[in-house]
Amino acid sequence: MTRPVFINKTALLCARGNAPAAVASALWNAEFGSGQRKLGERAFPYFALPLDETNWMLRAEQAIRQLAGQLGQFSPETPLFIASSSFQIGHFEQLGVPFELPVAAASFSRQIAEWMGLNGAISSFSNACTSGFSALDAARSLIAAGLIDDAIILGVELANDSTLAGFAAMELLSRTAGRPFDARRDGLVLGEAVAAVYLSAKPANWRIAGLRTGLDGFSTTGPNPDGSRIADVAVDCLNEANLRAADIELIKLQAAGSPGTDLAEANALRTVFGQHMPLLLSLKPGLGHTLGASGMAELAALLACLDADKIPATAGFSKVDPEIALFPMVERSTEHIERALLNLIGFGGGLASLIVERHG
């Protein structure tokens with residue numbers, strides 16, 4: 001049994017706003033500013049949630065309860081799929097030493113479910129930046145097979161020093177701003193987000209037409225520069241959706257301003273789309289790179305933009321890199337999009353492509 005799977009609701013809390021429509025409006029109005037987060041004597045640009053609470057766990061509860069309020073009422077038995085790169089490590093940092101780590105991330109996942117009023121099955125996913133689409137794929141597969149009828153997929157990434165220090169130590173962070181595909185790009189700008197989508201077999205405006213994940217073993221820190229594995233996953237996704245490359249009207253790029261990953265993604269896009277390149281959009285200059293939450297956060301933000309027929313410009317781009325020879329949208333557009341492809345490229349080699357298609 002194979003059933004179509006639809007995105008019935010979305011919810012989002014990030015640096016740009018407290019609902020998908022509010023975030024879409026802020027992006028349309030070119031609100032891209034970020035704050036800062038200090039690490040020792042260094043300071044990095046950072047996209048923080050607009051919350052004043054300083055206690056890590058109370059702040060997490062506040063964010064999750066706001067997200068649950070956006071989603072509305074659900075059956076308490078609704079399955080919950082949680083994606084995160086760091087889970088509650090910020091809480092342990094704030095407690096100080098000594099402390100006891102729980103088994104994996106299970107305790108925090110149960111806590112999230114309790115805050116959302118859910119007592120059904122819980123699944124946790126943590127494979128870096130592709131965590132959200134991995135969780136989405138698992139839930140989608142179960143709904144399509146008729147094993148469950150609906151699910152909530154939640155991405156959560158909250159501030160902690162461990163993540164920031166790790167990326168800083170590898171010199172992967174920009175000191176100024178994210179510049180996707182730009183010749184001056186010099187690294188990522190991290191951020192926080194909590195976001196969710198409600199998947200169901202019940203028809204809605206958007207359908208998941210294709211979703212494929214993969215792995216690029218070229219390096220622990222970046223994909224093969226030729227983009228071959230990224231292209232393979234995108235082609236697999238198109239084949240599952242029974243679509244041609246020419247059917248895709250917009251690509252939500254992974255592009256975060258990483259010198260190597262941006263180049264690999266561009267090479268992959270040229271392989272798949274050739275001279276007929278769709279509109280290219282990066283949301284990370286406005287939201288930050290929210291790691292394990294990025295799949296759900298950027299999906300929710302993009303669908304809100306497409307529902308309003310208001311596609312924002314990509315901030316941070318001004319100079320073409322001759323190696324990339326592609327550029328994201330630098331002007332806003334009111335084009336009506338029927339099909340969009342979303343790319344994720346994760347630290348450690350994770351890859352994912354998702355195609356969403358309007359229904360009805």
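The values are calculated or read from the model by the stated rules, or taken from the named source; none is laboratory data. Bear in mind that the values here come from a model prediction, so they are computed numbers and not experimental data. Here the Cβ positions follow ideal geometry from the backbone for every residue, glycine too, while neighbour counts run over all protein chains shown. Only protein heavy atoms, including side chains, enter the accessible area calculation; ligands, DNA and RNA are left aside. Shrake-Rupley method; radii C 1.70, N 1.55, O 1.52, S 1.80 Å.
Could you give the semi-axes, largest first, of the ellipsoid that matches the range 149-191, computed as the square roots of 5 times the alpha carbon gyration tensor eigenvalues and rounded to whole Å?
Result for the range 149-191: semi-axes of 27, 16, 7 Å.
Quick check on packing: order 184-190, 279-285 by the mean number of other C-beta atoms within 10 Å, highest mean leading.
279-285, 184-190
Rounded to whole Å, give me the distance from the Cα center of the range 5-31 to that of the range 240-258.
Here the answer is 20 Å between Cα centres.
Summing -39500 (n - 2.57) over the DSSP H runs of n ≥ 4 in the chain and dividing by its residue number, what mean residue ellipticity at 222 nm do you reach, to the nearest 500 deg cm²/dmol?
-9500 deg cm²/dmol
Normalising by the residue count of the range 26-181, find the relative contact order in percent from Cα pairs under 8 Å and 6+ residues apart.
31
Could you state the accessible area per residue of the range 250-341 in Å², with a 1.4 Å probe and every protein chain left in place?
Each residue of the range 250-341 exposes 32 Å² on average to a 1.4 Å probe.
Ignoring ligands, DNA and RNA, what percent of the 1.4 Å accessible area of the chain is carbon and sulfur?
C and S fraction of accessible area: 51 percent.
Specify, per residue and in Å³, the volume enclosed by the convex hull of the alpha carbon atoms belonging to the chain.
Output value, Cα hull per residue: 127 Å³.
If you take every DSSP beta bridge fully contained in the chain, what fraction is antiparallel? Give it as a percent rounded to 5.
The answer is about 70 percent antiparallel.
Can you give the relative contact order of the chain as a percent, counting alpha carbon pairs under 8 Å and 6+ residues apart?
Here the relative contact order equals 26 percent.
Could you give the accessible area per residue of the range 88-204, probe 1.4 Å, as a whole number in Å²?
40
Pull out the extension gain between residue 97 and residue 161, defined as 0.36 nm times the separation in residues minus the alpha carbon to alpha carbon distance; nm, one decimal.
21.6 nm
Compute the distance from the alpha-carbon center of the range 100-154 to that of the range 338-360, in whole Å.
Using only Cα atoms to place each centre, the spacing works out to 19 Å.
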